[in-house]
């Protein structure tokens, strides 16, 4: 007996895609980081893993559609989840303060900034957004 993948196809075989109910689809959101926007010195493994997620998003999204699942990826830019607070910073505070002064809104992102995009992508209003890498970074790279 020849093993087959979970969707019934041989490796590399494309199976015909049936129309899906866009109002009843599941959602998956991956989080990446800004490797495509510039270097991340000292973070090779992290950068490689996050860049891989962004790179395979369209392919995996295509595969998941046959299971009625919509996949998108978010690049949130610099979001302070505690690692930029003075007590817990993972780099010198003067470096963080200098970076913050260059940001268009004068602040780092907050988890709620990303949360609003996630909530929208999970909603029926975003049902036509499939296999995309969306950057929501407050203009970080501008």
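The values are calculated or read from the model by the stated rules, or taken from the named source; none is laboratory data. Just so you know, these numbers come straight off a predicted model, no measurement behind them. Every residue, glycine among them, receives a Cβ derived from its backbone with ideal geometry; neighbour counts consider all protein chains shown.
Which one is surrounded by the most Cβ atoms within 10 Å (Cβ to Cβ), of the residues in the range 29-69 that are touching a helix residue (DSSP H, G or I) at 6+ places or on another chain (Cβ under 7 Å) and at pLDDT 90 or above? Reasoning before the result, please.
Restricting attention to the range 29-69, the residues satisfying the condition of being touching a helix residue (DSSP H, G or I) at 6+ places or on another chain (Cβ under 7 Å) are 29-30, 32-33, 35-36, 40.
In the following step, the residues that additionally are at pLDDT 90 or above were identified as 29-30, 32.
Details: 29: 15, 30: 17, 32: 21.
Result: 32.
Going through 18, 87 one at a time, which residue ends up being free of Cβ contacts under 8 Å to residues at least 60 places away in the same chain, loosely packed, with under 10 Cβ neighbours inside 10 Å, closer than 21 Å to residue 128 by Cα and more than 22 Å from the chain's Cα centre (by Cα)?
Values: 87 fails: closer than 21 Å to residue 128 by Cα.
Answer to the selection: 18.
Return the residues of the range 105-142 that are over 25 Å from residue 56 (Cα atoms) and surrounded by 11 or more Cβ atoms within 10 Å (Cβ to Cβ); say none if nothing qualifies. Give the steps one after another, and end with the answer.
From the range 105-142, those over 25 Å from residue 56 (Cα atoms) are 105-110, 112, 142; that's our starting set.
Those that are over 25 Å from residue 56 (Cα atoms) and surrounded by 11 or more Cβ atoms within 10 Å (Cβ to Cβ): 105, 107, 108, 109, 110.
Are any of the residues in the range 101-118 without any contact (Cβ under 8 Å) to a residue 24 or more places away in the chain, at negative phi and more than 21 Å from the chain's Cα centre (by Cα)?
Initially, the range 101-118 is screened for residues without any contact (Cβ under 8 Å) to a residue 24 or more places away in the chain, giving 101-102, 106, 112, 115-116.
With at negative phi added as a condition, the list becomes 101-102, 112, 115-116.
Then keep just the ones that are more than 21 Å from the chain's Cα centre (by Cα); that gives 101-102.
Yes, because at least one residue in the range 101-118 is without any contact (Cβ under 8 Å) to a residue 24 or more places away in the chain, at negative phi and more than 21 Å from the chain's Cα centre (by Cα).
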